[in-house]
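K.L.:
One structure is given below, represented as structure tokens, and several questions about it will come after.
The values are calculated or read from the model by the stated rules, or taken from the named source; none is laboratory data. Fair warning: this is a prediction, and the values are worked out from it, not measured in the lab. Cβ placement follows ideal geometry from the backbone for every residue including glycine, while neighbour counts extend to all protein chains displayed.
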Amino acid sequence: MSITAKDVKALRDRTGAGMMDCKKALGECAGDMEKAIEFLRKQGMADAAKKAGRIASEGLVHAYIHGAGRIGVMVEVNCETDFVARTDKFQGFVNDVCLHIAAANPRWLNAEEADTAAVEKERAFLIEQAQESGKPQQVIEKMVEGRMAKYLKENCLLDQPFVKDPDTTIGDLVKNMIADIGENISIRRFTRYELGEGLEKRSNDLAAEVAEQLGEA
């Protein structure tokens, strides 16, 4: 099947990929536009995996305030060059990461950086919970491992579904950006603050306070 310039342009318009890459994708997929789009996506992800090992020491530290000052997020996202760090696309990506952190409240970046004490405490709780079911030990172990995987996925930033697109994880979002801009990108660290977090909230009983004051008087 012959690939026309019109076909190549149409694919380029839909994917943003280079003309030669689009022509190759259409050739590999016998002119099927949808298959060519998927081909380019997989190729981009493969290329992104290769770039992920490169040093990324430039980037951006970005602050995001949400809910009229009730939630604040700071994140450091690294890339390879200062030029990319100054682009609207990269800065928009960083802001999206901050927005996600504000909404999803991840505890750790990934499973490797998860707090060991917190993970073991959760595991012990799940084991105790599973043992109450009275099921065989082998079944209990599988139950606990499955629930631990779910626990880490819910609490690790890179494994969480992106709040703007739940079909895409934050880790996939990073890989897509790498494929898009052609540089390695990594989320290095983040901090999330929530107003009053960790403080014991005082419960005011006005009637009791007034009665106490009258009694003292």
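K.L.:
Identify the residue in region 175-195 that is among the aliphatic types (A, V, I, L, M) and in a loop (DSSP other than H, G, I, E, B) and, among all such residues, is farthest from residue 110 (Cα to Cα).
P.N.:
The first filter runs over region 175-195 and keeps only residues among the aliphatic types (A, V, I, L, M), leaving 177-179, 181, 185, 187, 195.
From the residues that got through so far, the ones that are in a loop (DSSP other than H, G, I, E, B) too are 185, 195.
Values: 185: 15, 195: 25 Å.
Here the answer is 195.
K.L.:
For residue 102, state whether it is surrounded by 13 or more Cβ atoms within 10 Å (Cβ to Cβ) and either closer than 26 Å to residue 41 by Cβ or touching a helix residue (DSSP H, G or I) at 6+ places or on another chain (Cβ under 6 Å) (or both). Can you show your working first?
P.N.:
On the way: surrounded by 13 or more Cβ atoms within 10 Å (Cβ to Cβ): yes; either closer than 26 Å to residue 41 by Cβ or touching a helix residue (DSSP H, G or I) at 6+ places or on another chain (Cβ under 6 Å) (or both): no.
No, not satisfied.
K.L.:
Related question: If you go through region 1-24 one residue at a time, how many are within 28 Å of the chain's Cα centre (by Cα), at pLDDT below 75 and of a type outside the set (Val, Ile, Thr)? Give the steps one after another, and end with the answer.
P.N.:
Applying the first criterion (within 28 Å of the chain's Cα centre (by Cα)) to region 1-24 yields 12-18.
Those still in the list that are at pLDDT below 75 too: 15-18.
Among the residues that remain, those that are also of a type outside the set (Val, Ile, Thr) are: 16-18.
Adding up the residues that qualify gives 3.
K.L.:
Going residue by residue through region 63-73, is there one that turns out to be of a type in the set (D, E, K, R) and either modelled with pLDDT under 90 or crowded, with 18+ Cβ neighbours inside 10 Å (or both)?
P.N.:
No, region 63-73 has no match at all.
K.L.:
Ok, one more. Restricting attention to region 153-169, and to residues there that are in contact with a Phe, Trp or Tyr (Cβ under 9 Å, 6 or more places away or on another chain) and in a strand (DSSP E or B), which single residue is farthest from residue 105 (Cα to Cα)?
P.N.:
For region 153-169, the residue satisfying everything is 168.
K.L.:
Same structure, new question: Does region 90-112 hold any residues that are in contact (Cβ under 8 Å) with a residue 12 or more places away in the chain, more than 10 Å from the chain's Cα centre (by Cα) and more than 15 Å from residue 172 (Cβ to Cβ), and which are they? Can you show your working first?
P.N.:
Step one: of region 90-112, the residues in contact (Cβ under 8 Å) with a residue 12 or more places away in the chain are 90-91, 93-111.
Next cut, more than 10 Å from the chain's Cα centre (by Cα) only: 90-91, 93-95, 99, 102-103, 105, 107-108, 111.
Matches in region 90-112: 90, 91, 94, 95, 99, 102, 103, 105, 107, 108, 111.
K.L.:
Go through region 68-152 and tell me which helices (runs of 4 or more DSSP H), entirely inside it, have 2 or more residues that are acidic (Asp, Glu). Break it down stepwise before answering.
P.N.:
Numbers: elements: 82-85, 88-104, 116-131.
Filter on region 68-152 gives 88-104, 116-131.
K.L.:
Still on this structure, please answer the following. With the condition kept exactly as written, say whether any residue in region 79-86 is over 16 Å from the mean Cα position of the chain (by Cα) and of a type in the set (S, T, N, Q). Spell out how you get there, then give the answer.
P.N.:
In the first step, residues of region 79-86 are kept if they are over 16 Å from the mean Cα position of the chain (by Cα); the result is 79-86.
Subset that is of a type in the set (S, T, N, Q): 81.
Within region 79-86 (the criterion being over 16 Å from the mean Cα position of the chain (by Cα) and of a type in the set (S, T, N, Q)), the answer is yes, since at least one residue qualifies.
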